[in-house]
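The values are calculated or read from the model by the stated rules, or taken from the named source; none is laboratory data. As the structure is a computational prediction, the values presented were derived from the model and not from experiment. Using ideal geometry, Cβ is built from the backbone for each residue, glycine included, and neighbour counts are taken over all protein chains shown.
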Amino acid sequence: MDEISKMVRDYIVREYLEEGDEREVTETTRLISGGIVDSFSMVSLLRFLEKKYSIHIPDDAATPDAFDTVQSITALVRRFQKAEVGSV
Amino acid sequence: MAFIDAVRNGYQTEIKGIRSAGLFKDERYIHSPQSSEIEVEFPVGSGVKKCINICANNYLGLSSHPDVIAAAHAGLDSRGYGMSSVRFICGTQDIHRELENRLTEFLGTEDTLLFPSCMDANGGFFEACLTERDVMIADRLVHASIVDGMRLCKAMQDTFKHSDMGHLEEKLIEHQDKRYRMVVTDGVFSMDGDIAKLDQIVQLAEKHNAMVFLDDSHASGFIGRTGRGTQEHCGVLGKIDVITTTLGKALGGASGGCVSGRRELVEMCRQRARPFLFSNSVAPVIVAGALKVLDLISKTTERRDKLEWNTTYWRGLLKDAGLDIKEGESPIVPVMLYDAKLAQDFARDLFDQGVYAVGFFFPVVPKGQARIRTQLSAAHEKHHLDTAIEAFKKVGRKHGILGLSKKELIARFEMQPVA
């Protein structure tokens, strides 16, 4: 798991799993469709990513699909990191 | 546009998908007033069957109380059927203000504003009172109407793990840069029946300079020694900045809701809350009935005391029967089944045994958390509960679930794809 994926995974475990919840979160674990993150609480993950990686994720990119796995979230972060670099 | 065949077919496919997923909800037609025993037509077109009702929000048994009905009749006669107006044009009668003042007194707040429903109160409050400079920090299991209301507001949204005070405190610290912080919670959570740690929430709110919003719809009238709700139960009467609650559950069961709390917050709703500004005034008949309800519950606590006895008794019966229930003190007692199809089959089989309860499954509760949500009423007598538990045991035996742990239940009924 690369650094971004690990950071994202660790945040999800800390922010969303209740004490005693032994579910494993891998790169491909379904987060939203699997009921770990719901659309209501997704906002704090979005805010974490934007703050941590100094990026802006527009509303139309912050979809349940894009946030459904650590893998897809990592891809999203990389995409907007490139966009930030490109805009400088 | 015309509802052309392609559009119709598209929606029919969507509806078929809901059925295929085992998530379709059917209505049942009730041919009697709401009570501990009701007459039900299900499926549609079949004969009417008498059942014990164990799934209503009729906590104090006042939905069909003769004194409430008489007061409603008197209200119809003296104040008419409807106002045909929103409140601020020509929709406010003296009895609206009387009810608001009575609710203020009952809840121990500074002012109250009626809404057509608590759904509307929750829908309108946040947008009226908070801006993009503020933050709302909500328990993750707050009612859907609060989620909708928060989404309409430009303030930042955040959430904390259900009833996790450590996590709440982290969020309060994180958001100290905001103008106002508002902690948002239900008093009694509608799906699990657990009670918010409101005393700790108030403590944290005071420590970190935040307001507290409480939806007490499943508590007003019967939680707390005199039925003042979760704030009374948790020893924080008068410390909640805003309470929303409904007249559609314990407080009469018809309709209507309110925002009650700090004078300035209530005034902001009066001036700016869209459901208040753009929706019809609460009908006089409802107001008259609600005033009588407040009379009845302010004179004596016998109804909430009986409800408390029924709750303790019922919880004991379910546990002794070997059913998996969510622990708690409130009269909301979920019988956990986890699998959506099992919940539906169980409810149908209970109905065959003369007990009316409904299966709850996604999206009302998270996937894999299906249940039968039983709810007690002061209208239940002991014999109702003794009869109901025999039905639960019979159906439980039929499905082979009595005495099974959560793990065993889930393993036994792992969700299969539905053809």
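Name the residues in the stretch A:33-63 that are away from chain B (no Cβ under 11 Å) and either in contact with a Leu (Cβ under 9 Å, 6 or more places away or on another chain) or among the hydrophobic types (A, V, I, L, M, F, W, C) (or both), would you? Within the stretch A:33-63, A:Leu49, A:Ile55, A:Ile57, A:Ala61, A:Ala62 meet the criteria.
Rundown of residues vs (1) buried (at least 19 other Cβ atoms within 10 Å of the Cβ); (2) assigned by TED's automatic domain parsing to the domain that holds B:Glu100, yes/no style:
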{"residue": "B:Gly289", "(1), (2)": "yes, yes"}
{"residue": "B:Val293", "(1), (2)": "yes, yes"}
{"residue": "B:Lys306", "(1), (2)": "yes, no"}
{"residue": "B:Trp314", "(1), (2)": "yes, no"}
{"residue": "B:Leu318", "(1), (2)": "yes, no"}
{"residue": "B:Glu327", "(1), (2)": "no, no"}
{"residue": "B:Val333", "(1), (2)": "yes, no"}
{"residue": "B:Leu337", "(1), (2)": "yes, no"}
{"residue": "B:Ala340", "(1), (2)": "yes, no"}
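Taken over the stretch B:129-151, the criterion of being away from chain A (no Cβ under 11 Å), free of Cβ contacts under 8 Å to residues at least 40 places away in the same chain and hydrophobic (A, V, I, L, M, F, W, C) is satisfied by no residue. Scan the stretch B:345-382 for residues that are surrounded by fewer than 22 Cβ atoms within 10 Å (Cβ to Cβ), of a type in the set (Lys, Arg) and more than 14 Å from chain A (Cβ to nearest Cβ) and the total you get is 2.
Quick one: would you say B:Ser377 is in contact (Cβ under 8 Å) with a residue 60 or more places away in the chain, farther than 23 Å from B:Asn53 by Cα and of a type in the set (S, T, N, Q)? Full working, then the answer.
Numbers: in contact (Cβ under 8 Å) with a residue 60 or more places away in the chain: yes; farther than 23 Å from B:Asn53 by Cα: no; of a type in the set (S, T, N, Q): yes.
Taking the combined requirement at face value, the residue does not satisfy it.
The residues of the stretch B:391-419 that are surrounded by 14 or more Cβ atoms within 10 Å (Cβ to Cβ), in a loop (DSSP other than H, G, I, E, B) and at pLDDT below 90, listed by number, are B:Phe413, B:Met415.
Could you tell me which of the residues B:Leu385, B:Leu342 is away from every other protein chain (no Cβ under 14 Å), part of a helix (DSSP H, G or I) and within 16 Å of B:Cys51 (Cα to Cα)? First the steps, then the outcome.
On the way: B:Leu342 fails: within 16 Å of B:Cys51 (Cα to Cα).
One residue alone meets the criteria, B:Leu385.
Conditions tested, residue by residue: (1) hydrophobic (A, V, I, L, M, F, W, C); (2) touching a Phe, Trp or Tyr at 6+ places or on another chain (Cβ under 9 Å); (3) surrounded by fewer than 19 Cβ atoms within 10 Å (Cβ to Cβ).
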{"site": "B:Gly61", "(1), (2), (3)": "no, no, no"}
{"site": "B:Cys90", "(1), (2), (3)": "yes, no, yes"}
{"site": "B:Asp120", "(1), (2), (3)": "no, yes, no"}
{"site": "B:Leu141", "(1), (2), (3)": "yes, yes, no"}
{"site": "B:Gly149", "(1), (2), (3)": "no, yes, no"}
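This table checks each residue for (1) modelled with pLDDT of 90 or more; (2) within 11 Å of the chain's Cα centre (by Cα); (3) surrounded by 16 or more Cβ atoms within 10 Å (Cβ to Cβ); (4) closer than 23 Å to B:Gly368 by Cβ.
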site	(1), (2), (3), (4)
A:Ser39	no, no, no, yes
A:His56	yes, no, no, no
A:Pro64	no, yes, no, yes
A:Val77	yes, yes, yes, no
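Among strands (runs of 3 or more DSSP E) entirely within the stretch B:194-295, having at least 1 residues that are among the small types (Gly, Ala, Ser) and farther than 26 Å from B:Val335 by Cα singles out B:257-261. Which of (1) over 27 Å from B:Glu100 (Cβ atoms); (2) touching a residue at least 12 places away in the same chain (Cβ under 8 Å) is the odd one out, the single condition B:Asp164 does not satisfy? Just one mismatch for B:Asp164, condition (2).
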